């Protein structure tokens, strides 16, 4: 299954992926690497990287929008619960070490209710 952005986001980088790809160092095609995204937004570049680079060992994301980051945390930690409550097209396998979440979360009921409202 292919992971895709589940939100439309102002300032999204979907249309820049071709230019971003041209600017990548050659090592990303040969060596294991960590992808760091300081302005994740809809995650267009994140999902493109996850789909196209099997040697990506870890992805670190950030955004100034705390609700957005919390939504990514919920999806990474509780993909089945969140996916069943609203129609998302995420498709990440969190059983894989590449997609683990290592942070504390509040109760599932509270978290999914808050994030359904955000999305």
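The values are calculated or read from the model by the stated rules, or taken from the named source; none is laboratory data. This structure is a prediction, so every number in the text was calculated from the model and none was measured. Ideal geometry is used to build each Cβ from the backbone, glycine not excepted, and the neighbour counts take in all protein chains shown.
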### Condition check for residue 59: touching a residue at least 60 places away in the same chain (Cβ under 8 Å), touching a helix residue (DSSP H, G or I) at 6+ places or on another chain (Cβ under 8 Å) and either under 19 Å from residue 75 (Cα atoms) or crowded, with 17+ Cβ neighbours inside 10 Å (or both)
no
Condition met for residue 71 (modelled with pLDDT under 90, assigned to a helix (DSSP H, G or I) and touching a helix residue (DSSP H, G or I) at 6+ places or on another chain (Cβ under 6 Å)): yes
Considering residues that are farther than 17 Å from residue 12 by Cβ, touching a residue at least 12 places away in the same chain (Cβ under 8 Å) and outside any loop (DSSP other than H, G, I, E, B), the number found within segment 36-56 is 2
Under 19 Å from residue 3 (Cα atoms) and either exposed (fewer than 13 other Cβ atoms within 10 Å of the Cβ) or at pLDDT below 55 (or both): does that describe residue 92?
-> yes
For residue 40, the lone unmet condition from (1) surrounded by 14 or more Cβ atoms within 10 Å (Cβ to Cβ); (2) at pLDDT below 90; (3) touching a helix residue (DSSP H, G or I) at 6+ places or on another chain (Cβ under 8 Å) is (2)
